[in-house]
1. Once you place label points 7 Å from the Cα toward the Cβ at C:Glu70 and C:Arg154, how far apart are they in nm?
2. Among residues other than A:Ala268 whose Cβ falls under 11 Å from its Cβ, what is the net charge (Lys/Arg +1, Asp/Glu -1)?
3. Based on Cα coordinates alone, diagonalise the gyration tensor for chain A, multiply each eigenvalue by 5, take square roots, and list the semi-axes in whole Å, largest first.
4. Rg/Rh for the range A:277-359: what does it come to with C-alpha atoms and Rh from Kirkwood?
5. How much length would be gained if the chain were fully extended between A:Glu360 and A:His63, taking 0.36 nm per residue of separation minus their Cα-Cα distance, in nm to one decimal?
6. If R₀ is 41 angstrom, what is the calculated FRET efficiency for the pair C:Thr95 and C:Gln206, using the beta carbon separation as r and rounding to 0.05?
7. Nothing charged except the Cβ atoms of Lys and Arg (+1) and of Asp and Glu (-1): what's the magnitude of the dipole of the range C:1-101 about its Cα centre? Round to the nearest 20 debye.
8. Once the Cβ-Cβ distance between B:Met125 and A:Leu8 is put in as r, and R0 is 45 Å, what FRET efficiency do you end up with, to the nearest 0.05?
Amino acid sequence: MLLMVETLPKQFKKNASRQLADEDLRKALTKSKGHFTGGRQKAIDNLPEFDSLRDKARDIKDHVLENLDFYLEEYEQKVISTGGKVHWASTKEDVQNTVLEICRSVNATSVNKGKSMIGEECDINEALENSGIRAVETDLGEYIIQIRDERPSHIIAPAVHLTKSQVEKSFRETHTHLDPQRILEEPPTLLEEARTVLRGKYFEAQVGITGANFLVAETGSSIIVTNEGNGDLSQLLPKVHIVLASIEKIVPSLEDASTLLRVLARSATGQEFSVYTTVSTGPRRKADLDGPEEYHVILLDNGRTNMLGTEFQDMLRCIRCGACMNHCPVYQSVGGHAYGWVYPGPMGAVLTPSLLGVDEAGHLPNASTFCGRCEEVCPVRIPLPKLMRHWRQREFESHLTPKFARYGIKLWAYLVKRPSLYKWVMGVQVKILFLLGKRQGRFSSLPFAGGWTKYREFPAPEGKTFQQLWSESSNE
Amino acid sequence: MNEQRQIILNNIRRSLGRSGPMDKEKISALKDRLTSPKRNLIPERTSLTSSSLITLFKDMAEGVFASVEEVDRLSDIPRAITSYLKKENLPSQVVMSSDEVLDSVPWEEQPLLGISKRIPEKDDMVSVTSAAVGVAETGTLAMFSGPDHPSTLNFLPETHVVVLPKDRVAKSYEDVWDMIRNNTAMGDRNEKKEMPRTVNFITGPSRSGDIEQTLLLGAHGPRRLHIILVDSKETN
Amino acid sequence: MENPQVALFVTCLVDLFRPSVGFASIKLLEDAGCLVEVPKLQSCCGQPAYNTGDIGETKKIAKQVIETFESYDYVIIPSGSCAGMLSRHYPMIFTNDNEWLERANKLADRSYELLSFLTDVLKIDSIESDFKGVVTYHDSCSGLRELSIHEQPRKLMDKIEGLHLRELPDSNVCCGFGGTFCVKYADISDRMVENKVNQIIETGAQTLLAGDLGCLMNMAGKLQRMGSRLKVRHVAEVLAGMTRGPAIGEPNRD
């Protein structure tokens, strides 16, 4: 797809500049930001235990990661004992092949999908379409971007980058069977139309694919959390339910899942609890009147096992709430598509280089001011700035840092380590800048500082350095 | 796929700095953690007497746009449903299943209410179910799937009416797990004390914020969630 | 401790661009009874190297800073981000080097951001400043999140009779400076600082204050590019009553 070629993480800078010029994006992001940050704050104010729950949540995930092999095996056994099947997949191709195999085994022509970031990571829709199987995204946001042939721009609000008039335009272009004169401006009419269109499709699919927020080792259950109910209809009505999950989604017990659920919705949307939290265990039972006849779980690695035992292990605690991007001033400026892959914002800035390589995604951990707001709001206390810094170190060590920055730092460090020389050099520079900028007090353009003066005035120094003035005043 | 399994497990062990499987002591400690799971932190807000717990449940459910009404007896339910449907301008045709609570309601006393006992179809407008538990902490209903409660009833029709006996209001999600483990909430159908195929926690009617973060009710699941809290299981 | 021996870590930006912040810091510290010294062998804390991922150079610079400053009772820094570097990050970069870790930890324990030192350690109760005017305040990220500096500047400003503080909405959101970020990702930085100064202008304040010169230069530069006459100063200048000179980016009228 053209779109994906254009938006690689490598192109972050270019993507970002294009996104910054997009007025619709700016409008959409301005609208959403307050909802997320204000909502989260309110939910937290209502729960005095929130910070203690965050500690617990972190500890649970750490415990799982330290014993991941054990819990995966326990989980697998439980799934099998409840009549389900577990498939292991090292790469996205393995996931695609497994999904296609299962689909072929029931002669599927149509697949319904609940929102799944692992599905995005594995390009499942493309794989299905290439094999002649229709994939229908049922989450409203996912549906909107699917008909626009876009990637999600946010891990929990896939269409957060769009305004309602953009959605209206896409609906008119896609739902050509409906009256072109119909009124469709406002969100309620848009939702109504999507509901009607999708309702028919629920009954056509032979396979339903969902993600999983958690996999419970104690019971072999998968848990999804949604607000729309699409995930439930997608998994209940078709004959086969496939769960796509990465290996770190495991939690030991239902109690542990409950703790994580308490921090998830509050961090994500500011809800006390999402509307639908669904715990699924195996296929339908003998006497059941509904539910899928087959239940498959595909466990994906795709580079995660390489993060274990490294400084990036903490990232595997992530429960995909999106709070980091909702609070990130960089994400809120450029939107999710600038990041060029599935995971945007601070969590993406750490995860994407881990999964795609820092040579592909080196910009992402660099495009941060280290303001620390992401870490402040993370429900599982991932030290995101620290991990971005680790990527910068790895990048520097493998000589991937751009030459200009590299030599600039070396030259600067040479001076800094020689304070007397530094003082003399800086004294001269300050003097020159002062003489040049004295009249205005500032510069509107400066050689070597174009990045600054393109957008801002540069203040002129006061004439002498502090060190010069101080030694003069001390000698008086 | 077995090969993949081994590759992934080996990778994990290598990354974690272990050459083989864990030692036995460690394994038995981890198994204990799974067989007798401990509760983590439960929010203080549910440390209440049973009547305040019901108030909390009601407040929380209404806070997420469910409507809640209270009736004294099971025999009040048919009339309550009829007048709710009338008020909302909905047809008085409902689809429901047979379960312990619903079967003890004297439906015949309200002949205007059309009842179909089956799993719902595409055009069914209203479903009636009971709920296994009401979780006061967040005004959440817990539904267990089974022959007496097909999950589709919770999602397909536009309006979902839920009957919840007040003695089923519990504090936290953890109470739900204990009920399943102790077989106290599912009658004889859970002799093995196993997880139902589906546990649905439902907190208010379906919604979406996907268009400009505008909160809209009724995305794919029900637009309306009406909870009828009933005082006792007795008919009279 | 009576009359503690305090070393001022000037910071490179103050040294080069805003010596008045250094003099204001010294006045505030001396008024509070400190014996202030300015060690000659100082330049920069090493953040540019650290943030570029050059851990080797960072360590060399950090060792030099530790050697220069470890003999004082306290090291005081008129910047949240440089203070955070000494007190939070130096120990992190020496985790595998016991000797230097110990020295880094000792220095970290004695290093304070100026306002937090005046408030939390010296607990000063009077401020001599004849400043008059309506100000707004931006909480710089490192100070706020690494050092929990939020109440301290407000407490101190509150002691100035003529100063009226109008709180800035989203005062805890980054201004887009971020060290080299503002030139490496200039377009993004510009959007962030634009959002920030729009909110600043909306407060109707005459003066913008903050505790970090990097952020101040960024916001001042944007305000001036947008044609705003709002004055921008380091909060230490106002607390020390040293606001006769030009504000950041203003011409010297002498």
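Read the figures in this text as sums done on the coordinates, not as results from a lab. It should be emphasised that the depicted structure is a prediction, and the values quoted were computed from it without experimental measurement. No Cβ is skipped: glycine too gets one built from the backbone with ideal geometry, and neighbour counts run over all protein chains shown.
1. Result for the modelled spin labels: 3.9 nm.
2. Details: positive: A:Arg40, A:Arg266, A:Arg320; negative: none.
My count for the surroundings of A:Ala268 gives +3.
3. Details: eigenvalues 445, 143, 84 Å².
Equivalent ellipsoid of chain A: 47, 27, 20 Å, largest first.
4. On the way: Rg = 17.8 Å, Rh = 15.7 Å.
Result: Rg/Rh = 1.14.
5. Values: separation 297, 0.36 × 297 = 106.92 nm, distance 3.10 nm.
Result for the pair: 103.8 nm of gain on full extension.
6. 0.30
7. Numbers: 7 positive and 12 negative charges, 67 e Å.
Computed about the Cα centre, the dipole is about 320 debye.
8. On the way: r = 48 Å, r/R0 = 1.07.
Plugging the Cβ-Cβ distance into 1/(1 + (r/R0)^6) gives 0.40.
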